[in-house]
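Each remark here refers to the structure printed beneath this line.
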């Protein structure tokens, strides 16, 4: 008897995940353009419409977009269960997510309730389909590994994030009476520390040791990190909502420590890698984990030494470190492994045994040189954004240009893989 | 006595070491070193595939009464990996280290996504189903002629 749901079958069709990966860089360009248009006033307050719109272009348009596409692709590999009807599922997530993100950004910028109504409908549909499809898969996994546990916790956190987001949308769209500041903090922390950190941790558990040939994560961290973090997040939320400030600060410190342990362990494993060659993807992993570590340290310092920096500046720095440095970095790096590999993999599957010319390998589909240069532009964008948060008048315009530029370059690199794929398919 | 999962995952790690050594030589433009390490890598991979194809998979197929399940996909991927190894080998025959490195990157991801499926899913299931004969199975793998 083969256990129910087990499918070690290979990948879903190429275009199911690819559409997410090719759309996402466009949102980085939009975010850069929005910052350029707004200029240094952008940093006046994070509660203004433009920062809210820009944040969601990055978190929904870039991060959630790639994370959803990547889950469609990797769930069969890491948990042995495929997402049902991948083409339909991909369309029903990708289309509403893309349109909903644009609509939400527009609604923030123009402040019209009907824009929020449409955005909530679209995003609710996209995330609803994603949550149902991914949960159906991870709860049918035949074997419970560290990755399965972490992905289950991450999806739980995504549910909380989306529910809070829809509720907050109700405030903007229907004028619901809500404790907006407290709920926004919860929404941001569940999205970044819950969904994003836990998903990255679950994937890193497999990807870091296997692709960089490092030792494995300690077993207790691999299986215990995500449930423990989810539990602390829940306690922290209850304390924060209940107004127990000191206890909430202690729980917040525990979250920051947990994040620091994960980031520190990953950096330590990468330092011990047996694969000595270094490539831009390794650099992306490192900057991502360094940003995560820095955000944890900053959070701790600012909580216990409030005189260090104005709290508003701390919030900007935390947002940039977590969204651009940590999430942006690891996603950007992983795209450079996933997209050329999938192109090669599907070429190989389609032309198996009947290729008239040798198939291009990964480095021919995407050479190192443009990837390395794009990596440098990413690094420049991250530094300039951090500098802009500290001194907006000088650094905002260069930061905006760098963000748009690195996003455009990522897009060009990924589209070039797609073009090489099409060319090889025609020749084959 | 190790479990089936531990025994076969340790073989994956040995193969990884040979792979990393060959890749490092290629980066250092050391063609001879690369050829030596690649030969060891290819031999270790072939040995590991035979342990699975000749001992583990037949036992799993018998226990599940199916040859069309996960082991069919694993055998298919072994074929893909063998083809990729042959491409790397011909790059070395042509002394083309640039080509070798490009092929190596591709092979690494192909192999590791295969290993993740085995280590995360297939081996733990084998231990669940065949756990009481794990010792005998490991002995049978060790006894396979070279």
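Of the residues A:170, A:264, A:242, which exhibits the maximal mean-square fluctuation in a Gaussian network model of chain A defined by a 10 Å Cα contact cut-off?
Result: A:242 has the largest fluctuation of those listed.
Of the candidates A:321, A:282, A:58, which one comes out as most mobile in a Gaussian network treatment of chain A with C-alpha springs shorter than 10 Å?
Highest fluctuation of the listed residues: A:282.
Please determine, in degrees from 0 to 90 and to the nearest 10, the orientation of helix A:368-390 with respect to the longest principal axis defined by the Cα atoms of chain A, where the helix direction is its Cα long axis.
Tilt of helix A:368-390: around 0 degrees.
Once you have a ≥ b ≥ c as the square roots of the Cα gyration tensor eigenvalues for chain A, tell me rounded if a/c is under 1.5, and otherwise prolate or oblate according to whether a/b is larger than b/c.
The shape class here is rounded.
Arranged by the count of other C-beta atoms within 10 angstrom, fewest first, what order do B:133, B:64, B:93 take?
Ordered by Cβ neighbours within 10 Å, fewest first: B:93, B:133, B:64.
Cα axis of helix A:392-427 to longest principal axis of chain A: angle in degrees, 0 to 90, nearest 10?
Around 20 degrees separate the two axes.
Order these by the 10 Å Cβ neighbour count, fewest first: A:363, A:276.
Values: A:363 19, A:276 12.
The fewest-first ordering by Cβ neighbours comes to A:276, A:363.
Points 7 angstrom from Cα along the Cβ direction at residue A:274 and residue A:351: gap in nanometres?
Distance between label points: 3.3 nm.
Report, to the nearest 10°, how far helix A:113-138 tilts away from the longest principal axis of the Cα atoms in chain A, using its own Cα long axis and a range of 0 to 90°.
Result, in degrees: 50.
Put one equal scatterer on each alpha carbon of the stretch B:4-143, apply the Debye formula with no solvent term, and list log10 I(q)/I(0) at q = 0.14, 0.15 1/Å to two decimals.
These q points yield log10 I(q)/I(0) values of -0.66, -0.73.
If we count other beta carbons within 10 Å of each Cβ, what is the order of A:289, B:45, B:129, fewest first?
Going from least to most buried by this count: B:129, B:45, A:289.
Read the figures in this text as sums done on the coordinates, not as results from a lab. As the structure is a computational prediction, the values presented were derived from the model and not from experiment. Quick reminder, even Gly has a Cβ in these numbers, built from the backbone with ideal geometry, and neighbours come from all protein chains shown.
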